[in-house]
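> Okay, handing you the structure first.
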Amino acid sequence: MKTRFLAGWKTRFYSVCLMMLVSALATTAFAAQAQETAAPPAEEAAAAVAAAADATADAAAAVGEAAAEPAAAEEAPAEEEASLDSGDTAWMLTSTLLVLLMIVPGLALFYGGLVRSKNVLSVLSQVLVVASIVIVLWAFYGYSAVFTEGNAFFGSFTEKSFLKGIGVDTLSGTIPELLFVAFQSTFAAITTALIVGAFAERIKFKAVLLFSVLWFTFSYLPMAHIVWGGGYLGELGAIDFAGGTVVHINAGVAGLVGAYFVGKRLGFGQTALKPHNVPFTFIGAALLWIGWFGFNAGSAAAADGTAALAFINTILATSAAVVGWTLVEAISKGKPSALGAASGAVAGLVGITPACGTVGPLGAIVIGLAAGAICVWGVTGLKKLLNVDDTADVFGVHGVGGIVGAVLTGVFTAPSLGGTGDADFSIGSQVWIQVVSIGFTIVWCAVVTVLALLVAKLVFGLRVNEEAERIGLDISSHGESAYEV
């Protein structure tokens, strides 16, 4: 079987940097007001001394009571910090459920509608089984490898392996640590499941599973630790509130490399390989949008103002992206499509993910518009330029949208543009850090993906044979059919 190896990167990304105007510094003049105090007459002074002498005994008695107060005051905050917050816990339980909704049925339906009818069950199975394996591995060693102390790239694989040392009373901030483990497991699951859309309709099921285990272990886990677990990019100052680099660029690059390795579908470029069920994809996109509130606002790990900011930004950016994608499609193709609007919603969700907790609402609208418009090019012009068969446009939406969002996070986090950055926030410096984080993610993920695919190819082979592909993976790989005719 002939497969194409990654022949080299031909793309050039021309990032349009918005250099907005500089914030004005306010100066406040403080006038010093002098107070004149007159010396009391001698008789009054003497009376004051006598009164003070009489009060000495009372003051001495009060000293004993006052001495005990600082110790009690010091203990109270410590107890408060370690206490569980029922509101935060309730919100995080809800958020975890919402992110799970994104995977099944959200992502499964979105991808299932994009493939042909003879392959829909294979994609549904891949999404569900890959996500399930990753969640189990997350409990075995994934959580420990991300959220324990280690080096700049990995935490400890053994310190909290099999969730040892985590009980029902163990807290992570103001929520049970077991809940934090569950919440983060859904991030790992959906990231790995996203990749399968790139090489859908022609890859072996067992190859997908082996690849997913390797990729989760050596790409997702280190990237999550590097950004969120105290690793290299986190220390560098990269801003990624909910997963622009860790989730979307990571999965997008893996999908691109995987599509090259597995090769194009039979008939690609010769016959139209149309989505078999656009309503499935539309419903999947709607479920993804609903679930994404848990993804973004849940990343605040509390029911607070930051969660509210992420929540409204998720609404605004997604809506703006739908408008942006629809306008570009209407102008370039003459007719806006339902599939385009659904894809635009996902592009906006991807774009706002790294920025949702740090940019203001107006910044979210700009990011959404940019992600929606640029991702139209990502799934059309760029896809042709790369000469790749990315079945579900994983790179065109998640990779490109993630890059757009990560760069613009460095712009609109500025307080002068409505963001939550510090007073001394520098747009130029932060954009550079964001670009470094993007480049690091692309290189790390590409190398790991190549190695994982080579291992899977050596063990099982990557692609089904031509006859199995023509019949469809539902029958040839799973022995069942979605539609009985």
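Every read-out reported here was derived from the displayed coordinates using simple, explicitly stated rules and does not represent laboratory data. Note that this is a predicted model, so its numbers are computed, not measured. Cβ sites come from the backbone with ideal geometry, for glycine too, and all protein chains shown count toward neighbours.
> Among 458-464, 324-330, 470-476, 342-348, how do they line up from the highest to the lowest mean number of other beta-carbon atoms within 10 Å? Spell out each step's value before the answer.
Details: 458-464: 16.6, 324-330: 20.7, 470-476: 18.7, 342-348: 30.1.
The most tightly packed comes first, giving 342-348, 324-330, 470-476, 458-464.
> Classify region 408-485: rounded, prolate or oblate, from the alpha-carbon gyration tensor (a ≥ b ≥ c, eigenvalue square roots; a/c under 1.5 rounded; otherwise prolate if a/b is larger than b/c)?
oblate
> Quote the relative contact order of region 143-206 in percent (integer), defining contacts as alpha-carbon pairs under 8 Å separated by 6+ residues.
Details: 44 pairs, mean separation 12.7, N = 64.
Over region 143-206, the number comes to 20 percent.
> According to the square roots a ≥ b ≥ c of the eigenvalues of the Cα gyration tensor, what is the shape class of region 145-221, taking rounded for a/c under 1.5, prolate for a/b larger than b/c otherwise, and oblate for the remainder?
Prolate.
> Pairs of alpha-carbon atoms within less than 8 angstrom and 6+ residues apart define the contacts here; what relative contact order does region 263-348 have, in percent?
Numbers: 71 pairs, mean separation 25.8, N = 86.
Rounded, it is 30 percent for region 263-348.
> Report the local net charge at residue 430: Lys and Arg +1, Asp and Glu -1, summed over other residues whose C-beta lies under 14 Å from its C-beta. It would help to have the intermediate numbers written out before the result.
Numbers: positive: none; negative: 240, 422, 424.
Combined, the nearby Lys, Arg, Asp and Glu give -3.
> By per-residue mean of other Cβ atoms within 10 Å, what is the highest-first order of 365-373, 352-360?
Working: 365-373: 26.8, 352-360: 30.3.
Most protected by this proxy first, the peptides run 352-360, 365-373.
> When only Cα pairs under 8 Å and 6 or more residues apart are kept, what is the percent relative contact order across region 376-485? Don't skip to the end; give the middle numbers.
Details: 55 pairs, mean separation 14.9, N = 110.
So the answer I get is 14 percent.
> May I ask you to order 169-178, 242-251 by the average number of other C-beta atoms within 10 Å around their residues, highest value first?
Working: 169-178: 17.1, 242-251: 29.2.
Order by mean packing, descending: 242-251, 169-178.
> While we're looking at this one, here's another question. Of 335/383; 118/384; 164/204; 206/264; 164/457; 274/335, which ones are farther than 28 Å apart at the Cα?
On the way: 335/383 20 Å; 118/384 25 Å; 164/204 35 Å; 206/264 19 Å; 164/457 35 Å; 274/335 17 Å.
Check vs 28 Å cut-off fails for 164/204; 164/457.
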